[in-house]
Every structure is written in C-alpha cells, then in structure tokens.
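The values are calculated or read from the model by the stated rules, or taken from the named source; none is laboratory data. Here the structure is a predicted model, which is why all the values come from computation and not from measurement. Quick reminder, even Gly has a Cβ in these numbers, built from the backbone with ideal geometry, and neighbours come from all protein chains shown. All accessible areas refer to the heavy atoms of the entire protein, side chains included, with ligands and DNA or RNA removed. Shrake-Rupley method; radii C 1.70, N 1.55, O 1.52, S 1.80 Å.
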Amino acid sequence: MPSKKALVRRPGPRLAEGLVTHIEREKVDVGLAGRQWEAYVRALRTHGWETVEVEPADDCPDAVFVEDTVVVYRNVALITRPGAESRRDETVGVEEAVARLGCSVNWVWEPGTLDGGDVLKVGDTVYVGRGGRTNAAGVRQLRAVFEPLGARIVAVPVSKVLHLKSAVTALPDGTVVGHIPKVDTPSLYPRFLPVPEESGGHVVLLGGEKLLMAASAPKTAELLADLGFEPVVVDISEFEKLEGCVTCLSVRLRELHT
C-alpha cells in the first residue's frame, strides 16, 4: 500500500517577517495564520493523511513552508540548499524527520541551490524550475540523485513567480494546471489546462479525485468540480501574503517503504 504521510511545521512567531519577492508586502496576522495552519493540517488528517510535525524553527520566519527544504522521490530524500541564505537553517529539523521515517538521505551541496517548491513530480517525470531560487548546479545535483532511480528530469524556466509550483501543479491524471499569465512556457507540458485564477494553479492530491485547494480560487474549484474532481477548500490567506500556497505547507510522502 502507498504511504500517506505528510511533513508539516507549525508557523513561528516571526512569520510576518517572511520573504516576499514578486508581490507587495502586506501585514500578516500571525494569530489567524496559526488557526489557518491548524485547519490545513486538519484537512490532511480528515482525508487519511498521517501528519508528522517537524521540530519548530522559530528563528526562521519562512520555516512553515516546509516543502522547500526537501524533495522526496520513492524513499530517497534530497535535503535542499535553499536559494535564500536566510532559509538554510530550516533544513536541520527536516533532515532528522525524514531520517526517522526511514528515508535514504542525500544533500544539495554548494554551489548548488534548490528549493523544493521548484520541483513538480508527475509520475516518474520530475519538472524542476530553473529560476530565482534554484540554480543550474542544483538541477544537476537533483538529476544525479534521482535519475538512477528511474526519474526523468525536465528543467523548465521560471521567471514570473517565486517557484515552479507557484505557477503549476498537476491533477491526478497528470494534466498540469496553471494560470496562463504566471506560466513561462505552457507548451512544455504534454497536457495543460489553463485555470482562471493564480491560486487555482495550486492543488494537493489528497487521494482519489480529491484536491486540496485555496479558498481564493472559487472559479477554478467550480471548473475542476465540473470535470469530476472533488475540491477540498481551505483558507490560507495569511500565507498567500508571503507567496505561500497549499503545496508548500506540507511534504507529501507517498512511496515510503513500509
């Protein structure tokens, strides 16, 4: 049976100091963010996911965006080297967490930089966004770790958003979804479905036809429901002020050896 474990890390007291690069800074309500995070975690659990809480990193404002710290393919974990130097201390607790779960652990080394939000897995195809936070050396190191396991690595440009998965994610059937103004080259994906809202390009596959989505994309939720999917909606407004989305608040581990 495939595993259904999700790494999560609760937001810290310095959340409002988190980095922003492509949007204007807005005031973040840290208390509301905490309640939204709890609801997000509850949604995962309700749909069969065992959540594994990574040790807090309260001195790291962006630590709640745990997806950026590790990429997992099958049961092999690649600990990233985030492109923003201020985020590199976030990886310590995550490394410990994936090791406890039995993952084989690898690391991205200098001069490579890689953010997990730049990695989109669609079956055995692994798209890697080459942009502001992930450099060519990081792409090469990811390729060296995962290609021997059967992954097909495809590097794609990212210039309009923070991370590749800020622009596109994929539906259970492998169709890539994204909001056209935020996607560099839609033609790179064999099957691409344009959606009417930026946050509509962000889905987490919960199992079956269920899709975890942000409340800020009601038109996309309606579109996907009409196509036979089942949107599960959560409000993550405070994290969206920091360029966060539903994907970056967890790391879903589906292929651990049990």
Got a sec? Which strands (runs of 3 or more DSSP E) wholly within the stretch 188-241 have at least 2 residues that are more than 29 Å from G34 (Cβ to Cβ)?
-> 192-194
Condition met for A97 (open to solvent by less than 30 Å² (accessible area, probe 1.4 Å), of a type in the set (A, V, I, L, M, F, W, C) and touching a Pro at 6+ places or on another chain (Cβ under 6 Å)) | no
Looking only at the stretch 183-229, and only at residues there that are touching a Lys or Arg at 6+ places or on another chain (Cβ under 9 Å) and open to solvent by 60 Å² or more (accessible area, probe 1.4 Å), the one that is farthest from E255 (Cα to Cα) = P196
Restricting attention to the stretch 1-50, and to residues there that are at pLDDT 95 or above and of a type in the set (S, T, Y), which single residue is surrounded by the fewest Cβ atoms within 10 Å (Cβ to Cβ)?
-> T46
Qualifying positions in the stretch 146-160 - farther than 11 Å from T125 by Cβ and surrounded by fewer than 17 Cβ atoms within 10 Å (Cβ to Cβ) | E147, P148, L149, P157, S159, K160
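For (1) β-branched (V, I, T); (2) assigned to a loop (DSSP other than H, G, I, E, B); (3) without any contact (Cβ under 8 Å) to a residue 12 or more places away in the chain, each residue gets a yes or a no:
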site	(1), (2), (3)
V28	yes, yes, no
A43	no, no, no
V52	yes, no, no
D89	no, no, no
N106	no, no, no
P111	no, yes, no
L120	no, no, no
A137	no, no, no
With the condition kept exactly as written, say whether any residue in the stretch 249-256 is surrounded by fewer than 18 Cβ atoms within 10 Å (Cβ to Cβ) and either of a type in the set (D, E, K, R) or at pLDDT 95 or above (or both).
-> yes
Would a scan of the stretch 219-233 turn up a residue that is of a type in the set (V, I, T) and touching a Leu at 6+ places or on another chain (Cβ under 9 Å)?
-> yes
Given the conditions (1) touching a strand residue (DSSP E or B) at 6+ places or on another chain (Cβ under 8 Å); (2) of a type in the set (A, V, I, L, M, F, W, C); (3) surrounded by 15 or more Cβ atoms within 10 Å (Cβ to Cβ); (4) closer than 22 Å to L114 by Cβ, and given that C60 satisfies all but one, which numbered condition is not satisfied?
-> (1)
Within the stretch 242-258, the residues that are in a loop (DSSP other than H, G, I, E, B) and within 16 Å of D68 (Cβ to Cβ) are L242, E243, G244, C245, V246, T247, C248, L249, S250
Number of positions in the stretch 129-140 that are surrounded by 20 or more Cβ atoms within 10 Å (Cβ to Cβ) and out of contact with any Asp or Glu (no Cβ under 6 Å at 6 or more places or on another chain) = 3
